[in-house]
1. Would you tally the net charge around GLN408, using a Cβ to Cβ cut-off of less than 14 Å, leaving GLN408 out, and scoring K and R as +1, D and E as -1?
2. Antiparallel as a % of all DSSP beta bridges within segment 76-151, to the nearest 5?
3. Would you order ILE90, ILE161 from fewest to most other beta-carbon atoms within 10 Å of each residue's own beta-carbon?
4. Whole-Hz ³J(HN,Hα) for each residue in segment 320-328, computed from phi via Karplus 6.51 cos²θ - 1.76 cosθ + 1.60 with θ = phi - 60°, x for glycine and proline: what do you get?
5. By count of other Cβ within 10 Å, fewest leading, how are SER390, SER148 ordered?
6. Report, by chain and number, residues whose modeled amide H sits under 5 Å from the one on GLN341, excluding near sequence neighbours (fewer than 5 apart, same chain).
7. Just order 247-254, 235-242, 60-67 by mean Cβ neighbour count inside 10 Å, highest at the front, would you?
8. Output ³J(HN,Hα) for segment 191-198: one whole-Hz value per residue in order, computed from phi by the Karplus curve 6.51 cos²θ - 1.76 cosθ + 1.60 with θ = phi - 60°, and x for Gly and Pro.
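Read the figures in this text as sums done on the coordinates, not as results from a lab. Computed from a prediction, not measured in an experiment: that's the story for all the values here. Virtual Cβ from ideal backbone geometry, glycine too; neighbours counted across all protein chains shown.
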Amino acid sequence: MTVMPRDIVEQAASADYRRFLEGKAQIGTRDGFRPIWMPGFLFDFQASLTEWAIEKGRAAVFADCGLGKTPMQLVWAENVVRHTNGSVLILTPLAVAPQTVREGEKFGIQCHRPIAWKPRQGINVINYEQLHHFDPNDFAGAVCDESSILKSFDGARKQEITQFMRQMKYRLLCTATAAPNDYFELGTSSEALGYLGHMDMLNRFFKNDLGNSSTRRGYLGATNKWRFKGHAEDPFWQWVCSWARAIRKPSDLGFADGDFILPTIHQREHVVDARTLLDGELFALPAIGLDEQRDEQRRTIVERCERVAALTADTREPALVWCHFNDEGDLLERLIPGAVQVSGSDSDEAKEEKFLAFQGEQARVLVTKPKIGAWGLNFQHCAHVTFFPSHSFEQFYQGVRRCWRFGQKRPVTVDVVTTEGGRDVLANLQRKAGGADKMFSRLVAHMREQLEVDRTVHFTQAEELPAWL
């Protein structure tokens with residue numbers, strides 16, 4: 001019988017125990033490579049995030065609006081192109097693709113809009129809606145820009161995007177809002193990156209108070225049917241930080257904030273009187289439940305739209321006007337001089353043309369729905385936003401952050417127009433805002449701890465082993 005040397009046995013035991021510790025800690029491995037090209041135009045915090053994402057190989061960057069996700073993902077993609085001599089696909093929300101190509105030109109990074117659905121060597125930029133025309137085997141890597149928009153798509157489209165991403169060796173997710181009040185989205189992000197699937201995540205870190213395995217969206221956030229298992233919250237955030245980085249300002253990563261200071265924001269609430277009341281009511285009362293709230297919204301379309309028109313019609317300043325119903329959009333377009341509406345019935349080409357007209361200040365006022373235009377577009381030239389509130393905090397957050405973002409030079413005014421019956425909706429938005437801030441703060445705090453772990457474990461591979469090893 002051959003006896004192996006003691007040092008080889010000890011090394012093997014040490015390696016086995018290291019893998020055991022990593023598995024218990026849910027810390028992902030690094031499957032990327034050392035950066036080949038790090039340009040000088042990146043700010044220090046952007047370079048740090050980009051370098052980490054390249055070395056990680058499959059990563060998520062949750063960076064707030066205006067912190068430069070586009071140059072970071074372009075540099076990440078260019079490194080993958082140079083490393084593999086292949087192609088990378090960047091998926092963007094509607095109308096963000098031409099904006100990304102222009103950013104690439106500004107930074108000297110060549111990007112292509114595929115012609116006749118044929119990808120070119122290098123970086124290719126398309127809208128999410130065009131993905132079905134492409135074969136994942138043609139790409140070495142993929143980027144999901146504004147990845148939180150995935151939950152706005154139906155199940156088939158979201159599954160298509162997730163499946164496409166799963167086949168990439170190199171993957172990057174970028175978004176400003178890391179699943180506010182909805183940890184379920186972190187599971188779908190992990191699944192798209194090839195780490196824990198969303199059901200594995202739920203079963204490992206959460207307990208279902210209903211006693212079943214239902215995974216309908218909302219259970220983890222809105223209805224709170226899922227809650228952390230005992231002592232599982234800290235391990236959960238440590239696991240998230242093993243494949244994601246979150247940043248609201250450069251100082252979250254230990255860098256100076258410099259010019260990355262948000263301007264002042266003024267939120268004004270306007271409660272308009274409903275001209276028609278429900279049968280049998282003498283006074284307007286808060287609407288109870290979604291059915292009553294929707295009924296009041298439809299009964300007060302004229303009153304609310306007239307108030308928005310009064311706030312925006314004669315200012316001569318750009319305004320971004322958000323709505324939720326087709327009738328609201330049509331009426332606002334008629335009431336506000338110089339308004340252009342982007343509606344769901346417009347072709348993708350027409351939508352892009354109108355977004356670019358507003359971005360280039362050929363159109364003074366843009367009217368559209370959050371689910372159409374609230375992700376990825378930069379409207380720093382506009383400092384006035386109006387909103388009809390809904391229960392979606394992310395739509396409200398993203399809608400406001402199209403204008404209130406790093407790079408905005410003026411104070412921003414947000415006019416929230418509702419009715420007496422909509423006060424509960426406003427209160428719910430405020431509650432969700434508090435929850436989202438708490439969640440992001442936890443993510444940032446654990447990220448700082450993980451940065452220290454990375455400096456010790458990744459670079460020195462030093463671990464405290466039991467005496468018997």
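1. On the way: positive: ARG401, ARG402, ARG405, LYS409, ARG410; negative: ASP64, ASP259, GLU317.
Overall, the nearby charge balance is +2.
2. Antiparallel bridges: around 10 percent, rounded to the nearest 5.
3. By the 10 Å Cβ count, ascending, the order reads ILE161, ILE90.
4. 10, 10, 9, 9, 10, 10, 4, 4, 5
5. In increasing order of surrounding Cβ atoms, one gets SER390, SER148.
6. When sequence neighbours closer than 5 places are left aside, the close amide H contacts are VAL367.
7. Peptide ranking by packing, descending: 60-67, 235-242, 247-254.
8. 5, 5, 7, x, 9, 4, x, 5
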